[in-house]
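Working notes, structure below.
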Amino acid sequence: MAGHAAKTFEPLNIAVLTVSDTRTEENDTSGQYLAEALRAAGHKLADKRIVPDDIYLMRAAVSQWIADESIQAVLVTGGTGFTDRDSTPEALQPLFDKTVEGFGELFRQISFTDIGSSTVQSRALAGLANHTLICCMPGSTGACRTAWEGILLEQLDSRHRPCNFIPHIRPAQPACESRG
């Protein structure tokens, strides 16, 4: 691929993780929003799970996806605040091979318009692990919309110029390959 942007759209296989002690599939509006948004953009929902705000359960789920050659990105919603149970950054940052500092910075900048100085309490973060992009955002549906519309929609689009994340993540692999 010449440069950092392609001429054609490359759909990604994306997993969504909701971190919550109280959400279920019926009331997980943030995870549902991310799943619907990524599909609407032309990507594939590879997997979707809800785990409690537990460091080891989060690491287990995300580690499984990082090791799965068919998954290229993981979107995590929840657990990025300052309550005693919020532990997404502590759980997932050790898995990163590289940190994407700009994700959290840009998320807070965009959020400032909506929530003012309260944006300093967001610990949104992103990183790359085994050529898989992992983006962690707050648990509110509004915050997920802010991250998707303000950052992820473009950065997960192979056509976005001058650059996007596609050259830094693994190429798409089918979910199941024949071994014949």
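The values are calculated or read from the model by the stated rules, or taken from the named source; none is laboratory data. These numbers were taken from a predicted model, which means no experiment stands behind them. As a convention, Cβ positions derive from the backbone with ideal geometry for all residues, glycine included, and neighbour counts pool all protein chains shown. Each accessible area value is taken on the protein alone, full model and side chains, heavy atoms only, with ligands, DNA and RNA left out. Shrake-Rupley method; radii C 1.70, N 1.55, O 1.52, S 1.80 Å.
Computed quantities for the displayed model
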read-out: Accessible surface of the range 13-169 [probe 1.4 Å, protein heavy atoms]: carbon and sulfur percent; value: 51
read-out: Candidate aspartates and glutamates - alpha carbon under 17 Å from Lys98, same-chain residues fewer than 8 apart omitted; value: Glu90
read-out: Ranked packing of 71-81, 96-106, most packed first, by mean Cβ within 10 Å; value: 71-81, 96-106
read-out: Gln93 paired with Arg145, simple spin-label distance in nm, labels 7 Å along Cα-to-beta-carbon; value: 3.0
read-out: Paired Rg and Dmax values of the chain, which use every Cα atom, in angstrom; value: 15.5, 58
read-out: Stretchable slack from Ser118 to Gln64, in nm (0.36 nm times residue separation minus alpha-carbon distance); value: 16.1 nm
